[in-house]
Structures are given as structure tokens and as C-alpha cells.
1. Which members of segment 164-196 meet the condition of being in a helix (DSSP H, G or I), of a type outside the set (Gly, Ala, Ser) and over 27 Å from Arg95 (Cβ atoms)?
2. Please find, among Gly20, Gly29, Gly11, Gly92, the residue that is loosely packed, with under 11 Cβ neighbours inside 10 Å and at pLDDT below 85.
3. Among the residues of segment 150-163, is any of a type outside the set (A, V, I, L, M, F, W, C), part of a loop (DSSP other than H, G, I, E, B) and more than 24 Å from Val37 (Cα to Cα)?
4. Here is a list of conditions, (1) of a type outside the set (A, V, I, L, M); (2) loosely packed, with under 13 Cβ neighbours inside 10 Å; (3) more than 27 Å from Glu87 (Cα to Cα), and Asp152 meets all of them except one; can you say which number that is?
5. Please count how many residues of segment 116-149 are exposed (fewer than 14 other Cβ atoms within 10 Å of the Cβ) and either modelled with pLDDT under 85 or in a loop (DSSP other than H, G, I, E, B) (or both).
6. Can we say Leu111 is hydrophobic (A, V, I, L, M, F, W, C) and not in a helix (DSSP H, G or I)?
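The values are calculated or read from the model by the stated rules, or taken from the named source; none is laboratory data. Please read all numbers here as calculations on a predicted model, not as lab measurements. Here the Cβ positions follow ideal geometry from the backbone for every residue, glycine too, while neighbour counts run over all protein chains shown.
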Amino acid sequence: MRITKVYTRTGDKGFTRLVGGQSVKKSHGRIEAYGTVDELNAIVGIVRAENQRSGADPEKVALIDQHLRRVQNDLFDVGADLATPAESRWPGMQRVGDEEVTRLEGWIDQLNDELPPLKEFILPGGGPVGASFHQARTVCRRAERLVLALMDADPDVGDGVMRYLNRLSDYLFVAGRWAAKALGEPEHYWEKPGAR
């Protein structure tokens, strides 16, 4: 792919094109969904940057960076999938599904084995890396809700993206806890109303 011109003026009236050329409003469910996935990808980039400058053990920094680099590439595939109506798909088109979900589950299990059991809900924050992971997780959940609404309107979307985003939000939560522990960032727990 080669981009020679950044602006086209085609969106000035609030329309854009899906893969295949179909013109839709920028408020269309597909645009909302893949736009939120793009937002999530940008936040994952922030997590990577915060992780790189954290000063933690280089091996732990490298492990999280390796995971997140793969996630960012997956999210581009998710966005392309959401931008492509069923009739515009092509043979061999990359669509996230079982392989990517299984990979995330393996990472979750690997990281979770090194964490103490969770006894209470965690308040987002604690440090730059942990807080960025929490932000990524919440945007991932929003993307998931938008994809669900899109699936209700267009069942041809399929469930691979939904399953991937659902597992990704779990990964972002566990990886955030793991990274916070590796960095010595504190976890702040929700205090029940009677204990405040």
C-alpha cells in the first residue's frame, strides 16, 4: 500500500467509503466500530511507549512490548475486517479468529500464573503503565459493544472480531496487573462503602 496524498476532501460532507467502494456516513456502525479499534490501537501505542521508558527489567519490558506489537498488528487486521462488507471480502483475506484468541489465552495464563489472586476490584491508576493498560481495556470494551451492535445489524460480520476483542480486554487487564507488579507500581483496590 502506498499513500501519496493524505487529504482527499471526500469526507467533507460526512461520508467515507468502505473496502469495496460503498459510500456510507461516518456515523455508520462499521465506521464507529473500526474507528474505536483505531483509537484502541493508538492507546496500545501509548502503553508500549510508557512500558519502554519505565526502567523495569529489560526482559519484562521486552515481553510486554512483543505482545503489544503483535496486538497492534492484529488490531489493524480487525479494522480491515470491520471495514470490509461480506460481499467485498477476497480469498485469503486475514480475519482474526481462533488462532489469535488462543494466543491471547496463552499469554493471559502465562502472566496470571505470576500474579497473586485478586481479592477486590482494582481502581484504574497506580502508575503510568498500569493506568494506560486500564484505559486500553476500557476502550477495548467499548469497541466490543460497538461490534456487538454491528453484528445485530449485520450478522455477516461474524464472531471472530467479537471473540478477539473480548479476550483482548481480559489480556489487557491481566497484563496491566503483571506490568504494574514488574514495575513496582501500586494497585489500589476499591473500598466497599462501609470501609471508606
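1. Across segment 164-196, the qualifying residues are Arg177, Trp178, Lys181, Leu183, Pro193.
2. Gly92
3. So far as segment 150-163 goes, no, none of its residues is of a type outside the set (A, V, I, L, M, F, W, C), part of a loop (DSSP other than H, G, I, E, B) and more than 24 Å from Val37 (Cα to Cα).
4. Here Asp152 meets the rest and fails (3).
5. Result for segment 116-149: 7.
6. no
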